[in-house]
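Beneath this line is the structure, given in C-alpha cells, with notes to follow.
The values are calculated or read from the model by the stated rules, or taken from the named source; none is laboratory data. Computed from a predicted model, the values in this text were never measured in an experiment. Cβ placement follows ideal geometry from the backbone for every residue including glycine, while neighbour counts extend to all protein chains displayed. Ligands, DNA and RNA are excluded from the accessible area calculation, which covers all protein heavy atoms including side chains. Shrake-Rupley method; radii C 1.70, N 1.55, O 1.52, S 1.80 Å.
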Amino acid sequence: MRAVITGKWRQRAHASAFCAAFLLCAASPLHAQASAGAQITNVASLHFAVDGENASISSNLVATRVGEILDVRLQALGTGTVEVSTGEADRGIPFLLTNSGNGNEAFVLSATAGGAALPASTLFIDADRNGEFDPAIDTAIGAGGTTPGIGPGATLQLLVIIPASNQAGAGVISLHAQSATGTGAPGTTFAGRGDNGTDAVVGSTSAAATAETPFTATEADASVVKSQQVVAPDGTSSPVSGATITYRLEVITRSAARLTAAQLSDPIPAGTTYLPGSLSIDGAALSDAADADNGRFDGSSILVALGDIDQPTTRVVTFQVKIQ
C-alpha cells in the first residue's frame, strides 16, 4: 500500500502496511486493573521526511471494551479461638469481604456453625465496622443471602451471628462468598453479563472464597438481656422525634460462682437524651447523682453497682431516653 502525501504532508491515511517496516508500536505502561466497561482505543503514527520536509500519517483507530473480571477475597478478622458464652444473644463473628475484581459486583453468602448450615437471617453488614452486632445499626443481608453491589477494590465488613442453638462445645464458623454473576474455573466466560454489557470472566480466585473462625462455647455464669419499648407523643409505638424509649435490662446469674463488684453500664444512644430521674432497679428508683444509692448517670451512660453476687438471681434495671 502507498500513502498519498499532499500539501504540508498532513493528510492521514491507513498505515497498517507500514507497521512492519516503519512503525515502532509501543506497549502501554502497566497500570492498576482497568475498570470493567472502560473503552481502550489506540492509534499508531508514522513520522518521516520527504524531500527535506517532515510529515506524519496515522493509522485507523482500533478499540476494545474491557470485560469484567470476577474475583473475591474473604478473611476472618481477629486471631485465635472465639469464646462464646452459652445462651449469649446476638454474638457476631466478623469477616471482611473484598471485591478484587474490576467491576461492580454483588456476592452470595452462606455460613455454617459447627458444620450446620445457618439461615440467611444470621448474616449482617457491620455498618460501623466495630466487630460487634448492633441491630439498630447493622444491616441484614436479607433472605437471598446476597450483598449489595460493591465497586472494584471496595470492602464489606460482615457479621455472622451464632444462634443459641449452635452454641455448644467447640466448632468452626465458616463463611462462603461467591460472585452473584457466576463462578467456575478461571477463564470461564459469562457472555454479556458484565458491567455495561461486557462479558464477565472468572478470575484467579474462581470468583469464590471461604474463611473460617474457630469458636468454643462455655456455660455462662451471667448474662444480660436487653429489651425496649417505644411510646410516641401520639401514643403509638412509632420511633419519631419526641418519642420515649424505655430500656429494660435483666441481669441473670445462673450459678453459685461468686461475682465480685459487678457493675452494669449502658451508654445513652446517639440521637437521644437521657430522661432525668428515670433510672430504677427492681422497681426502686435510683438517683442520677453519685451518692449513696446503687445508680447514677455520668453524663453519657447509666451506671448501676450490683455488688457481690453469690447465688442464682435476676436483677432488673430500667431507664428512659427521648429521641431528639
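Have a look at 266, 310, 291 and point out the one that is free of Cβ contacts under 8 Å to residues at least 24 places away in the same chain and of a type in the set (Asp, Glu).
Answer to the check: 291.
Do you know which residues across region 120-140 are open to solvent by less than 80 Å² (accessible area, probe 1.4 Å) and at pLDDT 90 or above?
120, 122, 123, 124, 125, 126, 127, 128, 138, 139, 140
For the list (1) of a type in the set (Val, Ile, Thr); (2) free of Cβ contacts under 8 Å to residues at least 40 places away in the same chain; (3) open to solvent by less than 40 Å² (accessible area, probe 1.4 Å), I need the number of the one condition that residue 93 fails.
It is condition (2) that residue 93 fails.
Just to confirm my filter: which strands (runs of 3 or more DSSP E) fall fully inside region 90-188 and include at least 2 residues that are small (Gly, Ala, Ser) and over 26 Å from residue 204 (Cβ atoms)?
170-179
Give the residue, chosen from 115, 151, 171, 145, that is more than 17 Å from the chain's Cα centre (by Cα) and open to solvent by less than 60 Å² (accessible area, probe 1.4 Å).
Criteria check complete, one pass: 171.
Report the residue count in region 72-88 for those that are surrounded by 14 or more Cβ atoms within 10 Å (Cβ to Cβ) and free of Cβ contacts under 8 Å to residues at least 60 places away in the same chain.
Summing the residues that are surrounded by 14 or more Cβ atoms within 10 Å (Cβ to Cβ) and free of Cβ contacts under 8 Å to residues at least 60 places away in the same chain in region 72-88 gives 0.
Quick check: is even one residue across region 60-71 touching a Gly at 6+ places or on another chain (Cβ under 7 Å) and surrounded by fewer than 18 Cβ atoms within 10 Å (Cβ to Cβ)?
There is at least one residue in region 60-71 that is touching a Gly at 6+ places or on another chain (Cβ under 7 Å) and surrounded by fewer than 18 Cβ atoms within 10 Å (Cβ to Cβ).
Return only the number of the condition from (1) surrounded by fewer than 16 Cβ atoms within 10 Å (Cβ to Cβ); (2) part of a strand (DSSP E or B); (3) in contact (Cβ under 8 Å) with a residue 40 or more places away in the chain that residue 319 does not satisfy.
Only one criterion in (1) surrounded by fewer than 16 Cβ atoms within 10 Å (Cβ to Cβ); (2) part of a strand (DSSP E or B); (3) in contact (Cβ under 8 Å) with a residue 40 or more places away in the chain is unmet by residue 319, namely (1).
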